[in-house]
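To start, the structure under review is shown below, and the notes come after it.
What follows is calculated from the coordinates using simple rules that are stated; it is not laboratory data. Owing to the predicted nature of the structure, the values given are computational and were not obtained by experimental measurement. Methodologically, a virtual Cβ is constructed for each residue, glycine included, from the backbone with ideal geometry; neighbour enumeration extends over all protein chains shown.
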Amino acid sequence: MRDFSNDHSALAINSATVKSLDLKGLIDACARAGIGAIAPWRDQVQAVGIPQAGRMIRDAGLKVTSLVRAGLFTAADAAGRKAAIDDNRRAIEEAVGIGAANLLLIAGGLPPGSKDIAGARQQVRDGLAALLPHARAARMPLALEPLHPMTAADRACVTTLGNANDLCEELGDGIGVAIDVYHVWWDPSLAREIARAGRRILGFHVCDWLVPTTDLLTDRGMMGDGIIDIKSIRRMVEDAGYDDPVDVEIFSANNWWKRDPDEVLRICVERFRSVV
């Protein structure tokens, strides 16, 4: 396993961790902290335009682990599903334009008024199959991130790494998985499914699960403040062959989002070295 105790060169920052910053602010703050990789969200990139965003990132010497996020394939009708595919094709072009290593996807939840989770998962499968030819032609890998089952209704009906692995094996080249400890730490099949994913692992995200948690979406913890055994999961991921950057992604409305971004990034570096 890689030694991060005196080295944070593998650290990347998902822009949701310092939500108050725009793309330029994120780039500048990471430069001040000596952080060399980012995972920006699409709205930040779109706000400055794809060519300008790409230039800003390249001029700063930063890597882009993922463009966040696309997917959300489920819809109540064919027109909605087509609109999702069209938006995902645009996201692929955006990811190419900023030099992202992959495009991060989440599945989408139940369509409005539906209770058919099997049908929603079939829509996700069909949406990925429709999108993959475009992704392959653009040489942009798709990183499917399973989310915690608490999100199945509204954000992601693909809720386990096993679900995501099944889709990747069925659909073939051009798609892999992103593993976020917040969403998978509880899974009794985690070790087996990480080993099964192997070289399909395209991203690894860290934060922590607080006890108690006051909001299941926006009360994530800084690494080391919760109950996730992050090092053990990282060991599994690296034993499976992953050796790319590790993204810090912390949604924290009542704590970290209220703090000075430079302070947040300084603590991210410290915890990356001591906890991750």
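Rounded, prolate or oblate: pick one for the range 16-118, where a ≥ b ≥ c are the square roots of the eigenvalues of its C-alpha gyration tensor, a/c under 1.5 means rounded, and failing that, prolate if a/b is larger than b/c, else oblate. It comes out prolate by the Cα gyration axes. Going down the list Lys63/Lys115; Lys24/Lys82; Lys63/Lys258; Lys24/Lys231, which pairs span over 30 Å between their C-alpha atoms? The pairs that break the limit, which is 30 Å between Cα atoms, are Lys63/Lys115; Lys24/Lys82; Lys24/Lys231. With one equal scatterer per alpha carbon and no solvent term, the Debye-computed log10 I(q)/I(0) for the range 196-253 at 0.22 1/Å reads -0.85.
Within straight-line reach of Lys19, meaning a Cα separation under 19 Å, sit the following aspartates and glutamates at least 8 residues removed in sequence or on another chain: Asp28, Asp43, Asp180, Asp208, Asp215, Asp219, Asp247, Glu249, Asp260, Asp262, Glu263.
With contacts taken as Cα pairs under 8 Å and at least 6 residues apart, the chain reaches a relative contact order of 21 percent.
Summing Cβ point charges (Lys, Arg +1; Asp, Glu -1) relative to the Cα centre of the chain gives a dipole of roughly 380 debye. Is the shape of the range 173-276 best called rounded, prolate or oblate, per the rule: a/c under 1.5 gives rounded, else a/b larger than b/c gives prolate, else oblate, with a ≥ b ≥ c the square roots of the Cα gyration tensor eigenvalues? Taking the square roots of the gyration eigenvalues as a ≥ b ≥ c, the range 173-276 is prolate.
Length gained on full extension, Asn254 to Ser232: 5.1 nm, using 0.36 nm per residue less the C-alpha separation. Dipole size of the range 144-198 about its Cα centre, with +1 on Lys/Arg Cβ and -1 on Asp/Glu Cβ: approximately 140 debye, rounded to the nearest 20. Evaluating 6.51 cos²θ - 1.76 cosθ + 1.60 at θ = phi - 60° for every residue in the range 258-263, the Karplus couplings come out as 8, 8, 4, x, 4, 5 Hz, glycine and proline recorded as x.
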